[in-house]
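First comes the structure, then the notes that go with it.
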């Protein structure tokens, strides 16, 4: 900055701004006594549809995979026990295809990995293998 | 509320009450820049009650957003000044009527409390400086406030005001030139 203004800048810098009103200052200090909570995460999820979709799809696919890997509760032969499971699996197929699309769209992992995770043939193999 | 009532309330407002040495960098920031943020908000709001609300909202907004993300202390002033500007503009967008009223009042200063703490020495010079600052155009006064009392760099001011650094520096020079001219006329 031009040196010719130095004296004026010096004079201006000696003016002290009027104080922020004490009530406003106290409200700020009072608010800062409470820690920042995790509510921001929820707001972020609800406010960002892509993030919310990714979280929802991830949780859903995880639940499906974990559920299929859990051991059968009954000692009956698998062919008898798995009838309802097969029916549920067939019913899930269209929604899995939809899920695959959503996962491919929003997930950072590769499309092939998503397809392998959601593949009905894989589910059938798992069920038949157990 | 009448202007005299507002002034009387203003005079009753106590001074700084926070303890800057006891807190975090956020407390230090409030202690160091609270008055400057308020001065800046007053440039934009023209209403001291609104300006105080804006500072509170802006400061807490920055605190909530950056309290846990590793922001460093040197970055805080520019963030807070930008938040003040955003809060004012946001409020103005939400209230068109209020915006027109404030824009109309932007070039004139009615019975407002002093912008600066009264100086015990050289009161005449103090008053002349304050009067000259008040007469500056809004955009020049904004840059002057951010540079002198906000202690921001031209680059930071450019970010806050969404202008180029050259424009900001130009406005600052124009403001100083206008101030000097007014002060010389006043003394001659």
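Key figures for this structure:
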{"quantity": "Relative exposure of B:152, B:183, judged by other C-beta atoms within 10 Å (fewest first)", "calculated": "B:183, B:152"}
{"quantity": "Sites residue A:30 and residue B:130 - FRET efficiency at Förster radius 25 Å, r taken between beta-carbons, to 0.05", "calculated": "0.20"}
{"quantity": "Pairwise centroid distance, computed over Cα atoms, of the range B:111-161 with the range B:24-81, Å", "calculated": "17 Å"}
{"quantity": "Residue order, fewest to most beta carbons within 10 Å, for A:8, B:89", "calculated": "B:89, A:8"}
{"quantity": "Peptide-level mean, for B:50-56, of C-beta atoms on other protein chains within 10 Å", "calculated": "4"}
{"quantity": "Value of D in µm² per second that Stokes-Einstein yields for the range B:132-171, Kirkwood Rh from Cα pairs, at 4 °C (1.567 mPa s)", "calculated": "131 µm²/s"}
{"quantity": "The range B:122-188 shape via C-alpha gyration tensor axes, a/c threshold 1.5", "calculated": "prolate"}
{"quantity": "Label-to-label distance, nm, for residues given as residue B:72 and residue A:55 (7 Å Cα→Cβ offset)", "calculated": "3.1 nm"}
{"quantity": "Cβ-based exposure ranking for B:161, B:145, B:153, B:72, in which fewest neighbours within 10 Å come first", "calculated": "B:72, B:153, B:161, B:145"}
{"quantity": "Two-site label geometry, residue B:94 and residue B:123: point separation in nm, points 7 Å out along Cα→Cβ", "calculated": "4.2 nm"}
{"quantity": "Longest to shortest principal axis, alpha-carbon extents of the range B:149-188, angstrom", "calculated": "39, 18, 11"}
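No lab work stands behind these numbers, since they all come straight from the coordinates. Here the structure is a predicted model, which is why all the values come from computation and not from measurement. In this analysis, Cβ positions are derived from the backbone assuming ideal geometry, glycine residues included, and neighbour counts consider all displayed protein chains.
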